[in-house]
Amino acid sequence: MNYKNSAIGLLALISSFAVQAQTGTTIYGVLDAGVRYSDGLGLTATSSPSTSATSTTGLANGVDRSGRFGFSGTEDLGDGYQALFKLESDLYLNTGSTNVNIGTDKNIAAATTNKFFEREASVGLATPYGSFIFGRQQSVIRDIIDDIDAINGRFTSFNPNLQFTSLNSPSLVTSAATYYGTGDGGNGSMMRQDNAVKYIEQVGPVTGTLLYSFGGVAGDSEAGSSTEAALSYKNGPLLLSAGYEDLNNITDTLKLTAYTAGGRVTLGDWQIAANFGSNTADNTATTQIKTDIYSIGATYAATQAIDLTLGYYNVDRSWTKDVKPDAKIDRVIGFVEYKFSKQTLAYLEFDYNKWGGDETQFQGGVANKATTSGFTIGLNHKI
């Protein structure tokens, strides 16, 4: 190996990033890992736990915030116009992979398409009349959910608002025919959509968002498409948000609709958040699955360095014509965070979960323990 040429190449790469930074390009990321113990859950603590009812200990990723890295930037075009771009990928520290389906306690067979920037890959234009963004992007509910979520969008793999309200892993997809929209059919996530055009406009305290995702099916413009809208109001200590999504399956025979509404209020050292989310999915032409999600939580700034967060979630699922029995989840998730700086914090997470009714609907078709619990000690660093 020619180490001299390698060093020169590395310096050139670093220099190019430095030049880009001067013109408005930012390299950013989140690194999050911790040691997790769980009783009755898989290590990743998803809403479809491991079929093992025994305890598990290991290195977990993204318990406080999901690991990621990315590039974003702007170019001032003058007269109130800016060019925008964003490229963002997942990052799992236990394997160094951008794909969650690689490594210990992962289902390799479930690996989806190889998207390098699977979180977002977009380019856009900001104008005096709003911003227009094109490419793979978050859904409008995902855009607003962190601000109204009981625990501020933490613990993506186990947070019912991220899993069910935002359609990240809603336990609805059983085949290609029951996948709605575009994005990640292989793992059932509809939280992000390919082929999307998003429009964002802010007028005073109100921000409105519209999104349309093209299905890309020849001869049927509705097949695989999604239409979405969100509205937020932020004035001082009060924030209110609502979002609605309408998604079609790839054959234009089934539909999924989802919505959420909630808010957050800041009262001194306290922040209190609550929301209601619901989605209704056609499982067949005559059968629907309805999932309702309720959440309430609070964050208390005990000191400048310590935050205490506690959230409660209730998930109710029912089927038309009683095709399957009702299913229910009651879940409590708490965090204690110690901030070493603006970029680095240590955290202790704990959770308790109780399944009700036909819990196999959330557990990959296998009945696990009626109650589960876990805790994580971890470190989070923002680049």
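The values are calculated or read from the model by the stated rules, or taken from the named source; none is laboratory data. If you're wondering where the values come from, they're calculated on a predicted model, not measured in any experiment. FYI the Cβ positions are ideal-geometry reconstructions off the backbone, even for glycines, and counts take in every protein chain you see. In case anyone asks, the SASA skips ligands and DNA or RNA and just uses the protein heavy atoms, side chains included. Shrake-Rupley method; radii C 1.70, N 1.55, O 1.52, S 1.80 Å.
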In the stretch 185-224, anything at pLDDT below 95 and among the hydroxyl-bearing types (S, T, Y) is listed as S189, S221
Unmet criterion (only one of (1) modelled with pLDDT of 95 or more; (2) at positive phi) for K234:
(2)
Return the pair list, or none, for Cβ contacts closer than 8 Å from residues in the stretch 281-310 that are over 30 Å from A177 (Cα atoms) to residues that are open to solvent by 70 Å² or more (accessible area, probe 1.4 Å) and in a loop (DSSP other than H, G, I, E, B), at least 6 apart or on different chains.
Y300/D269; A301/D269; A302/D269; A305/F340
Within the stretch 133-163, track down each residue that is of a type in the set (A, V, I, L, M, F, W, C), touching a helix residue (DSSP H, G or I) at 6+ places or on another chain (Cβ under 9 Å) and under 19 Å from N353 (Cβ atoms).
A150, I151, F155, L162
Any idea how many residues of the stretch 231-242 are open to solvent by 70 Å² or more (accessible area, probe 1.4 Å) and either among the acidic types (D, E) or closer than 17 Å to I145 by Cβ (or both)?
4
For the stretch 267-286, how many residues are loosely packed, with under 14 Cβ neighbours inside 10 Å and not hydrophobic (A, V, I, L, M, F, W, C)?
4
Residues (of a type outside the set (D, E, K, R), farther than 24 Å from T280 by Cβ and in contact with a Lys or Arg (Cβ under 9 Å, 6 or more places away or on another chain)) located in the stretch 301-331
Q304, A305, I306, T309, G311
Can you tell me which residue among E228, E245 is under 23 Å from Y129 (Cβ atoms), buried (at least 17 other Cβ atoms within 10 Å of the Cβ), touching an Asp or Glu at 6+ places or on another chain (Cβ under 6 Å) and acidic (D, E)?
E228
Applying the selection to the stretch 311-342, what residues are touching a residue at least 40 places away in the same chain (Cβ under 8 Å), hydroxyl-bearing (S, T, Y) and open to solvent by less than 80 Å² (accessible area, probe 1.4 Å)?
Y313
Within the stretch 112-145, track down each residue that is among the small types (G, A, S), farther than 22 Å from S241 by Cα and out of contact with any Ser or Thr (no Cβ under 7 Å at 6 or more places or on another chain).
A121, S122, A126
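Of the residues that sit in the stretch 211-224 and are touching a residue at least 24 places away in the same chain (Cβ under 8 Å) and under 20 Å from the mean Cα position of the chain (by Cα), which one is nearest to G153 (Cα to Cα)? Quick ask: steps written out before the conclusion?
Just the residues of the stretch 211-224 that are touching a residue at least 24 places away in the same chain (Cβ under 8 Å), to begin with: 211, 213-217, 220, 222-224.
Okay, now just the ones that are also under 20 Å from the mean Cα position of the chain (by Cα), so 211, 213.
Details: L211: 21, S213: 24 Å.
Ranking the candidates gives L211 first.
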Which residue pairs have Cβ atoms closer than 6 Å, lie 6 or more positions apart in sequence or on different chains, and pair a first residue in the stretch 30-42 that is in a strand (DSSP E or B) with a second residue that is basic (K, R) and surrounded by 18 or more Cβ atoms within 10 Å (Cβ to Cβ)?
V30/R65; V30/R68; D32/R65
Do you know which residues across the stretch 136-188 are over 28 Å from L379 (Cβ atoms), open to solvent by 10 Å² or more (accessible area, probe 1.4 Å) and either among the hydroxyl-bearing types (S, T, Y) or touching a Cys at 6+ places or on another chain (Cβ under 7 Å) (or both)?
S171, T174, S175, Y179, T182
